[in-house]
Amino acid sequence: MNHLLPTLGALTLGGSAAVLLLALAARSRYGAKWRCWAWLLLCLRLALPFPLLPQARNQAPIQVDLPSPPQAVRPVPPPSTSAPYTPPSPGVQGEQPPAGSTPALPRPEPDAALPSLSQLALGVWLAGAAAVLAWNLHAHLRFLAYLRRWSAPVTGGDAIAAFNRLGDQLRLDRRPRLLVCQGLKVPMLAGLLRPALLLPQGDTTGEELGLSLLHELTHFRRRDIWLKTLALWVNALHWFNPLMWYMVRLVERDTELACDEDALRRLPPEDYAAYGQTILNAVARLQGRAG
């Protein structure tokens, strides 16, 4: 625990530099797919604020016992004829301590231990991390409650046929649940342990439906939702660093770009324009809902 805050500070400084480098890498020739791999490695390291190697403990210096030099033999004085002085026995009242000695003073009782600066910093960090985690968990639970109330299995034959065809094309042995949900503007993939592909009610049909399903199933195949969840965990641990909040937005952007790259590789060139128009329509609907 003594090394937690220094390790956390070193990690967040190194992570900030990596976030800036990856943000600049978006302008280079490296694709979003490789940036997603870089985000994964960075998040895995930042998710554990502990040193990877054990710290070397300070060992006590080795003590060597050297033989003491021989002492000179002093002559023994002859016995005195006078009677030896017998000191008074301790504990007798009225006796004074010998001259030159300092009387022992009573020790003051120690005050209550006050928290140190490092303990206060640790408490503030833990409180902030717990608050961010609680907020994200609360939002997720509210969304799950919304799905349980307003979602239902898809019954349309065209949507189920397109879903199964694309699942076979992507070679998905395990597939998400296909649900329709009221209030959605665009299709989306939700759920970490029990993923579900959610469709808006009666808005997406025909070619646009197939391209939207391809986009979301590609997200599922790439396991992008796990990377986004990991980025949220890192953001909660490093909540005091503004670049970690920016990192969550960059991860969201690069996962979308990488998903589009993978989806376009599976389409013929004549369908590129239709796919791009489908993505633009989804963005327009989301902006309309936000406005």
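Please calculate how many Å² of accessible area the range 145-184 carries per residue, with a 1.4 Å probe and no DNA, RNA or ligand atoms counted.
Per residue, the range 145-184 has an accessible area of 66 Å².
Given a Förster distance of 25 angstrom, what is the FRET efficiency for residue 172 paired with residue 41, based on the Cβ-Cβ distance and rounded to 0.05?
0.45
How much accessible area per residue does the range 194-258 have, counting only protein heavy atoms and a probe of 1.4 Å, in square angstrom?
On a per-residue basis, 44 Å².
Once label points are set 7 Å from the Cα along Cα→Cβ at both residue 287 and residue 140, what is their separation, rounded to one decimal in nm?
3.1
For a quick protection proxy, order the peptides 226-237, 157-168 by their average other-Cβ count within 10 Å, most packed first.
Final packing ranking: 226-237, 157-168.
Need the full-extension length gain, residue 277 to residue 229, defined as separation in residues times 0.36 nm minus the C-alpha distance. One decimal, nm.
14.4 nm
The values are calculated or read from the model by the stated rules, or taken from the named source; none is laboratory data. Since the structure is predicted, the reported quantities are computational estimates derived from the model, not experimental observations. In this analysis, Cβ positions are derived from the backbone assuming ideal geometry, glycine residues included, and neighbour counts consider all displayed protein chains. Heavy atoms of the whole protein, side chains included, go into the accessibility calculation; ligands, DNA and RNA do not. Shrake-Rupley method; radii C 1.70, N 1.55, O 1.52, S 1.80 Å.
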